[in-house]
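Following: one structure in structure tokens, then a few remarks.
The values are calculated or read from the model by the stated rules, or taken from the named source; none is laboratory data. In this text the structure is predicted, and so the values were computed from the model without any measurement. Please note: Cβ atoms are built from the backbone with ideal geometry, for glycine as well, and neighbour counts cover all protein chains shown.
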């Protein structure tokens, strides 16, 4: 088991370096004056320009610049936002919990509903339910989620007035950000109705963000379950006189979940991409919205290191999923 | 013994149908796929003949008819079947023009990423020790970022617009082709017919492109179809974020960006462009599913 | 009274007009007896036993005049009642041990499952007994093997585990569906010996499905030869080998490699087993039978007792009574 984990960690390191190389290269590729790009200031006179180049290390050879960059990263210096002058890391860590909360809610929604729908669809293959689940999931991942969000807002927020249109919580409430998770913080605060309000704000964005993962998980669970139910060991289980429930849920599901787990892990990437769109629509103050605004405002330090942070996040999650997969699937564990 | 008694002359063409006939027969069994094909044919038709099919000029603003509802609602007008937007432009014409853009983006991004992707994948598969690991590491790094974010990053650097959108989407789809081709190639390389070709003296280019590649086409075709549909979605997303095709060009996603403010007043401006995206992508995905089902079983039988 | 009695078993995949995979089969097995079912692939031998165990799913349909096991009428049992018998009094060992075990659970878990369900053992008792069972099937270091996963075992070991799982419920009837076909030749003999040893020790009825006649000669008391879903000959073992009555049985015997020593080719029957669309009007073997006559082509023979065995043939061979 340890060698399995060690091997996976070994793969992490070059990937991390590769991503830093990517973000480093990305920023260097922006057309225009590098000082302007880095500092956001234009038309400096030649002397100030030269000084700035010196200070930013822009006249050093590229590989030296790269090592400087890595050095800074190792010290936790991710630069400053051009707009707010706050540290990039500071802004990221302040906004990240919002995205995390949204993503977890979306994933829970997608996971629970998707698994359930997939298992039932597989058990009732060819029925109305099965066709319905397949149809809805196909529509689910064919749909532009920003449009889906707008439609739901149109219907539920504007039309029926059930949910609010934007934000995490009503401005009337003053919640102290202890954990950054609105649902938890509102429970700690003594404001009446704050928790419910936070929940109301969370529902629609979570559904929108979770729609594509829901579709993918439902489909994957169904096909995985169908494949597993055809396997010989299911026949053996039935030949042992086990109850149908036990055959499906103990013998079948355990094996069916394995490929689904990989898919769920891969959905994290989709979630982050979707978060960008969802946060924009619902004005949800997370890192997705932060990144898009930075791009629009040409706040390049934020863009560069924001992308780096997000990439690292995705890598970490994939790593954890890989490890969990090893736990779930004994065959992989013992492999070379 | 047995066969001589049942002496009916069997139609040879039914016994050994051409691969195209077999494929079409399998494909046609999937009703969803056929529906998808029909819808896409409609879209392609609109795209090709847009200037003649569209009732109006997509950029013409009819100042007297701002935010007209679609014809079946109160206040609708037969002149503007699907209504008009906030600048009085006919929605139907804009959607038809938009189909041109979406198909163009989809097609060009697929072609631009398919060719290098397949070539890289071939090399990675044929040289698993020399080139393989390097190429795959690069692909893994590209895949470390969610595709939309990478596309956003690329567009952030290159600047917004149609061409950069195509480039960004092409770059983002590259890794899947490389991975797919490499996996397929490595599977085929262990087969006897490749060894036979090698022994017969086939040179590397011939081995790659004539011997092995045609047998890897099936998953590639399916992937290309799915890339096409995600290209449309990504292009729309970029347009919506203001990073892709810029207004007033009627890309479906870009149309939705300006429609946000009209949720309460003019739902059709919001609903219809998105609906077109949904139906197009759905149609392509259905076709892709049908393609996979029609091509895969053949693979299984041939094995 | 026999342990297992099957009368006129029909299994179809589809509606009543579909071709039967098992057609009018009669079988019986007594306590402590070994019955071999022989036939080529597609003859319906596995399907027969799966039907008995209740493992045939829609669109398959099972019909029979009688399907009695240990006094229970299997046709009228509820699903729950059937599950109390299957895995306990009647158990099955399948052909490919590498896929028959669940890869996500340990060997111990899978054996204990049977013990806890059918014999109501506690966790501790089940574990203890499982170790004993592994020892009975001659797996070395049984206690540590309990925590092994199926993919860590070889084919022979896996089949031993499968056998342990099958006998865990202390069955009165054990069905072995080609238990050695997927194993190495060197292991095959060991597994067969094990099965027979267990059968003797526990006085179980054993139904051995196989296509290997040599094994039949050494192990079974009675044999049922199947062809295209029908039983064509049912009789005592030494008798069938000395005096095969049905032409198909004769052909099977002739095809044993040892009987063709020195010849250029193995002797075979020309043609192939009838499929769905070319079932003959008369005897199913008529297109291929070297002794075929007009009657054979027009009518279907029934399985009837003849001189030494039950035979489905209008002109059985070797009928002279010594």
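Please indicate, with yes or no, whether at least one residue in region B:66-87 is on the phi > 0 side of the Ramachandran plot, surrounded by fewer than 20 Cβ atoms within 10 Å (Cβ to Cβ), in contact with a strand residue (DSSP E or B) (Cβ under 8 Å, 6 or more places away or on another chain) and outside any helix (DSSP H, G or I).
yes
Considering only region A:313-326, I want to know if a residue exists there that is in contact (Cβ under 8 Å) with a residue 12 or more places away in the chain, part of a loop (DSSP other than H, G, I, E, B), away from chain C (no Cβ under 14 Å) and out of contact with any strand residue (DSSP E or B) (no Cβ under 8 Å at 6 or more places or on another chain).
No - not one qualifying residue is present in region A:313-326.
Being part of a helix (DSSP H, G or I) and within 10 Å of another protein chain (Cβ to nearest Cβ) is the filter here, so list the residues in region A:236-246 that pass it.
Within region A:236-246, A:236, A:237, A:238, A:239, A:244, A:246 meet the criteria.
Please tell me if residue B:218 is under 17 Å from the mean Cα position of the chain (by Cα), assigned to a helix (DSSP H, G or I) and within 17 Å of residue B:151 (Cα to Cα).
no
For residue C:161, state whether it is within 27 Å of the chain's Cα centre (by Cα), buried (at least 23 other Cβ atoms within 10 Å of the Cβ) and either without any contact (Cβ under 8 Å) to a residue 60 or more places away in the chain or within 9 Å of chain A (Cβ to nearest Cβ) (or both).
no
Mind counting the residues in region A:249-274 that are more than 23 Å from residue A:158 (Cβ to Cβ) and within 13 Å of chain B (Cβ to nearest Cβ)?
9
Anything in region B:26-44 that is closer than 10 Å to residue B:287 by Cβ and part of a loop (DSSP other than H, G, I, E, B)? List them, or say none.
If the condition is that a residue be closer than 10 Å to residue B:287 by Cβ and part of a loop (DSSP other than H, G, I, E, B), then B:30 is the only one that fits.
Return the residues of region B:133-145 that are more than 7 Å from every other protein chain (Cβ to nearest Cβ) and touching a helix residue (DSSP H, G or I) at 6+ places or on another chain (Cβ under 8 Å); say none if nothing qualifies.
Listed by number, the residues that qualify are B:135, B:136, B:138, B:139, B:142, B:143.
Evaluate region A:219-226: report whether one residue or more is part of a helix (DSSP H, G or I) and touching a strand residue (DSSP E or B) at 6+ places or on another chain (Cβ under 6 Å).
Within region A:219-226, none of the residues are part of a helix (DSSP H, G or I) and touching a strand residue (DSSP E or B) at 6+ places or on another chain (Cβ under 6 Å).
Right, residue A:104: surrounded by 17 or more Cβ atoms within 10 Å (Cβ to Cβ), without any contact (Cβ under 8 Å) to a residue 24 or more places away in the chain and in a helix (DSSP H, G or I) or not?
No: the conditions fail for residue A:104.
Out of the residues in region C:289-302 that are under 27 Å from the mean Cα position of the chain (by Cα) and surrounded by 18 or more Cβ atoms within 10 Å (Cβ to Cβ), which is farthest from residue C:223 (Cα to Cα)?
Residue satisfying both the conditions and the ranking: C:289.
Can you report the number of residues in region C:67-89 which are facing another protein chain (nearest Cβ under 9 Å) and buried (at least 20 other Cβ atoms within 10 Å of the Cβ)?
Qualifying residue count for the region: 4.
Mind checking whether some residue in region C:136-150 is within 30 Å of residue A:259 (Cβ to Cβ), over 21 Å from the mean Cα position of the chain (by Cα), at the interface with chain A (Cβ under 7 Å from one of its Cβ atoms) and surrounded by fewer than 23 Cβ atoms within 10 Å (Cβ to Cβ)?
Yes - at least one qualifying residue is present in region C:136-150.
Just one of (1) surrounded by fewer than 23 Cβ atoms within 10 Å (Cβ to Cβ); (2) closer than 27 Å to residue B:252 by Cβ; (3) under 25 Å from the mean Cα position of the chain (by Cα) trips up residue B:136, so point out which.
(2)
Within region C:164-185, track down each residue that is within 13 Å of residue C:133 (Cβ to Cβ) and either over 15 Å from the mean Cα position of the chain (by Cα) or assigned to a loop (DSSP other than H, G, I, E, B) (or both).
Once the filter is applied, which keeps residues that are within 13 Å of residue C:133 (Cβ to Cβ) and either over 15 Å from the mean Cα position of the chain (by Cα) or assigned to a loop (DSSP other than H, G, I, E, B) (or both), region C:164-185 yields C:164, C:165, C:167, C:168, C:169, C:170, C:171.
Give me the pairs, please: first residue somewhere in region A:119-143 and more than 11 Å from chain B (Cβ to nearest Cβ), second residue anywhere and surrounded by fewer than 14 Cβ atoms within 10 Å (Cβ to Cβ), beta-carbon distance under 6 Å, and either six or more positions apart or on two chains.
Close Cβ pairs satisfying both conditions: A:130/A:124.
What strands (runs of 3 or more DSSP E), lying completely within region C:1-49, carry at least 3 residues that are touching a helix residue (DSSP H, G or I) at 6+ places or on another chain (Cβ under 7 Å) and closer than 27 Å to residue C:195 by Cα?
Qualifying strands (runs of 3 or more DSSP E): C:34-38.
Looking at residue B:236, is it in a helix (DSSP H, G or I), within 12 Å of another protein chain (Cβ to nearest Cβ), out of contact with any strand residue (DSSP E or B) (no Cβ under 7 Å at 6 or more places or on another chain) and at pLDDT 85 or above?
yes
Suppose we filter region B:45-65 for residues that are in a helix (DSSP H, G or I) and exposed (fewer than 14 other Cβ atoms within 10 Å of the Cβ); how many remain?
6
Surrounded by fewer than 23 Cβ atoms within 10 Å (Cβ to Cβ), closer than 26 Å to residue A:212 by Cα and either touching a helix residue (DSSP H, G or I) at 6+ places or on another chain (Cβ under 8 Å) or more than 14 Å from chain A (Cβ to nearest Cβ) (or both): which single residue out of B:148, B:120, B:104 fits that description?
Among B:148, B:120, B:104, only B:104 is surrounded by fewer than 23 Cβ atoms within 10 Å (Cβ to Cβ), closer than 26 Å to residue A:212 by Cα and either touching a helix residue (DSSP H, G or I) at 6+ places or on another chain (Cβ under 8 Å) or more than 14 Å from chain A (Cβ to nearest Cβ) (or both).
Restricting attention to region B:151-173, report how many residues are touching a helix residue (DSSP H, G or I) at 6+ places or on another chain (Cβ under 9 Å) and facing chain A (nearest Cβ under 10 Å).
9
Filtering region C:273-288 down to residues that are more than 10 Å from chain B (Cβ to nearest Cβ) and either under 28 Å from residue C:238 (Cβ atoms) or touching a strand residue (DSSP E or B) at 6+ places or on another chain (Cβ under 7 Å) (or both), which residue is surrounded by the most Cβ atoms within 10 Å (Cβ to Cβ)?
The residue in question is C:285.
Just give me the residues in region A:275-298 being outside any helix (DSSP H, G or I) and more than 10 Å from chain B (Cβ to nearest Cβ), in sequence order.
Residues satisfying the conditions are A:283, A:284, A:285, A:286, A:297.
Please specify each residue of region C:92-122 satisfying the condition of being in a strand (DSSP E or B) and at the interface with chain A (Cβ under 7 Å from one of its Cβ atoms).
Scanning region C:92-122 gives a single hit, C:92.
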